[in-house]
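These notes are about the structure you will find just below.
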Amino acid sequence: MALGRRRHRSERQKIDATPPWSTDRERDTELTTGPYDEQDAPDDGLERLDLGALLVPVIRGVEVRVDVGPDGQVIAATLSYGGSETQIGVFAAPRTAGIWDEVRKEIRSSITQQGGSAQEASGRFGTELTGRIPVQGGYQSVRFIGVDGPRWFLRGLFSGPAAADPAKAAVLEDTVRNIVVVRGASPMPVRDPLPLALPADISEQAEQVQGAHAAVEEPDEEEPADLGPTEEEAVPARPTPRRRRR
């Protein structure tokens, strides 16, 4: 049975038939302005050190070290400048709900339980936590920052003069501000550390040095053997693997 004669649509009808909604996928997270999410990374020409989940800008005078756990896994990166340090950790987080408010309360409680003091303050990265923690022989000033990103959370711990003097923290803050976080698509439990790693060329050099050291035989007393360069000499100072003390 015929359904009727098909008529040609007018130009007006064609326009009306166009879906009024956008077929492009809309972004469901806020734009990051530093530290940056990978999709917001600026085209600024800065060289960045690839540590896996962290791309750390190479800034003149700033030394970058990596903290390595007992199992050999890189767990954090530490920036050093002018006698101050900033330890950077990056963790999995929900896509839209931030965790810094909750983490900040936990850190403050922990410091208080240890006999220290902590208070919130407004800083370059929003609400921060400043305080003093007990150390051997007295107290040490510290400053914690937190940045909630899309499915990641970055925590920074400032120590040394930069913890109490904003002027002495400027260079380290600029470095942190220009970090790029590479979250990856894999699902991870909230608060689990994102995987960090040494750059490929540094890792290869470290493995070669370790292999060379393992292959060295016990030297004779009369003719001392040349053991070659030490690990510190063979592996560039940036980044320098540093193992966390238990």
Query raised in the report: What residues have an amide H closer than 5 Å to that of residue 49, excluding those fewer than 5 places away on the same chain, when H is modeled at 1.01 Å from N in the peptide plane?
Result: 56, 58
Report summary line: Under a 1.4 Å probe, counting only protein heavy atoms, residue 107 has an accessible area in Å², nearest 10, of 30
Requested in this report: List the residues whose amide H sits under 5 Å from the amide H of residue 194, counting only those 5 or more places along or on another chain, with H placed 1.01 Å from N in the peptide plane.
Outcome: 90, 91, 92
**Report entry** Heavy atoms of residue 95 accessible to a 1.4 Å probe, total area in Å² rounded to 10
**Finding:** 100
Query raised in the report: Rank 174, 43, 101 by accessible area, highest first, at a 1.4 Å probe radius?
Result: 43, 101, 174
Report summary line: For residue 128 the rounded accessible area (nearest 10 Å², probe 1.4 Å, non-protein molecules ignored) is 10
Query raised in the report: Of the heavy-atom accessible surface of region 61-137 (probe 1.4 angstrom), what whole percent is carbon and sulfur?
Result: 44
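The values are calculated or read from the model by the stated rules, or taken from the named source; none is laboratory data. Since this is a predicted model, take the numbers as computed values, not measurements. Heads up: the accessible areas ignore ligands, DNA and RNA and are worked out on the full protein's heavy atoms, side chains in. Shrake-Rupley method; radii C 1.70, N 1.55, O 1.52, S 1.80 Å.
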